[in-house]
Amino acid sequence: MFYDHATISLKAGNGGDGAMHMRREKYVSLGGPDGGDGGRGGSIYLEGDSNQNTLISFRFKRHFVAPDGTGGGRRNSHGRAGQDTVIRVPLGTVVHDATNGELLGDVTEPKQRVLIARGGRGGLGNTHFKTATHQTPEFAQRGEPGQKREVALELRVIADVGLVGYPNAGKSSFLAAVSAARPKVAAYPFTTLEPNLGVVGFADDSFVLADIPGLIEGASDGAGLGLQFLRHIERTRLLLHIVDVAGVDGRADPIGDFHRINTELQRYSEALATRPQIVLANKLDLPEAQEAWPEFRAEMASLGIPVFPLSAATREGVDNVLRAVIIRLNAMNQAEADARQADVDSFAVGPGFERYTPAPRDRARDFHVEKTDDGFIVSGEPIDRLVAMIDVHLIAGQAYLKQRLRQLGVIASLDELGIKTGDTVVLGSERIRWGPPEPPPKRRSALSRKLGVR
């Protein structure tokens, strides 16, 4: 069975916690903070592998977890980063977020890597929070949680030329005649149930040819095997449209068959409908096909579409078809090269040249504040990330949280909505009572502790 889609669950590694440590060393008074940073969590990548052809490896293994980073240590020791996890997929794999359908990546080249789940950042040690007025911070960040997501993998075969046509039109026979591929060939419809690829060599050139299961009327709506395999010809640059002009399966209208297949292509994708086509009138070794050939050729000529007589069974006309395909592909390659060169020539660098770099979106201020009957709710990705990296139950953590909220503009938004001391504020997964942080308990001196004075 050909596995061309799969859904997998990913969990990137969490960042390691920053260390809260004070330097304690003989003959060094007031050593100050020396807590190191935590290591980043491992990320998850997809990597193109030319040795894989299907997604069958994800039938049994669907959950992938990257290792976490380790925590920081004393003497400014940084934690070890989690090792990245690399998942190998066949070329032509398209990745979408299974929840919202967002396109995450498209793997088309060997060794190409696409980041799918980013590992969490390591928390900062307390040495980063030392200031002129606060020289012994008793606070360090937690590690940031790694991304967790479910993704849908979809394999779209990469080929130069795709074969389309009705079932039993002779597509597999043509592939077997021009390449070393050996697809199943039989005298009944839907003999081909999965895409077949073959490398075609002619003279000094070669190209990759894809044979997909036959299309029927309504394929764009899922009839037959249409929706499952139409995507496999989306990447092709040229279509070979094979038409059975003999009507051996009771289809006595080859011109109508041609238009019906093109209608299904257009309904599925406008880009696919405008793809260049070469029409092959197959089974010309039969008398019925020879009778229908003049009318069919005249119809294609009126549409301005190149058409070639062919008999895949006897290989008659195969060389002419391959020669036309090579010429067409070479012309397309040259046109693409000229277009790229024109873009380079128009991008002149000289006096007055100014490089434009698009400004990144300020995601740090992407939050939403809402007033409810129970208090206030502050939501957004930066808020969730901030709260996850702070222990809000610590007095030092509360002070740092207020500082960061002020820098992000959250406190200004809350003031506009009329927040008062004692109101409840929900920040991500945490619920806090608004107001100044409680002062830390007064530390007793050594003499007080010795004498037992509270």
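The values are calculated or read from the model by the stated rules, or taken from the named source; none is laboratory data. Since the model is a prediction, treat every value here as computed from it, not as a measurement. Virtual Cβ from ideal backbone geometry, glycine too; neighbours counted across all protein chains shown.
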Reported set for the stretch 247-263 where residues are at pLDDT 80 or above and of a type in the set (D, E, K, R) is Asp253, Asp257, Arg260
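Residues are listed down the side, and each one gets a yes or a no for (1) over 31 Å from the mean Cα position of the chain (by Cα); (2) at pLDDT below 85; (3) more than 17 Å from Leu197 (Cβ to Cβ):
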site: Ile212; (1), (2), (3): no, yes, no
site: Ala223; (1), (2), (3): no, yes, yes
site: Gln228; (1), (2), (3): no, yes, no
site: Glu234; (1), (2), (3): no, yes, no
site: Leu240; (1), (2), (3): no, no, no
site: Val245; (1), (2), (3): yes, no, yes
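Could you list, in sequence order, the residues of the stretch 253-312 that are in a helix (DSSP H, G or I), aromatic (Phe, Trp, Tyr) and either in contact with a helix residue (DSSP H, G or I) (Cβ under 8 Å, 6 or more places away or on another chain) or within 20 Å of Ile233 (Cβ to Cβ) (or both)?
The answer is Phe258, Tyr268, Phe296.
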Within the stretch 7-36, of all residues that are part of a strand (DSSP E or B) and farther than 30 Å from Val151 by Cα, the one modelled with the lowest pLDDT is Val28
Could you check, for the stretch 91-111, whether at least one of its residues is among the polar types (S, T, N, Q), touching a Gly at 6+ places or on another chain (Cβ under 7 Å) and over 14 Å from Gly48 (Cβ atoms)? no
Gly72 vs. criteria modelled with pLDDT under 95, surrounded by 17 or more Cβ atoms within 10 Å (Cβ to Cβ) and closer than 22 Å to Gly120 by Cβ = yes
So, first residue in contact (Cβ under 8 Å) with a residue 12 or more places away in the chain and more than 17 Å from Pro137 (Cβ to Cβ) in the stretch 398-414, second residue surrounded by fewer than 17 Cβ atoms within 10 Å (Cβ to Cβ) and small (Gly, Ala, Ser), Cβ within less than 8 Å, six or more apart or across chains; the pairs are Leu408/Ala364
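Quick one: would you say Ala324 is loosely packed, with under 13 Cβ neighbours inside 10 Å and assigned by TED's automatic domain parsing to the domain that holds Ser206?
Criteria not met by Ala324.
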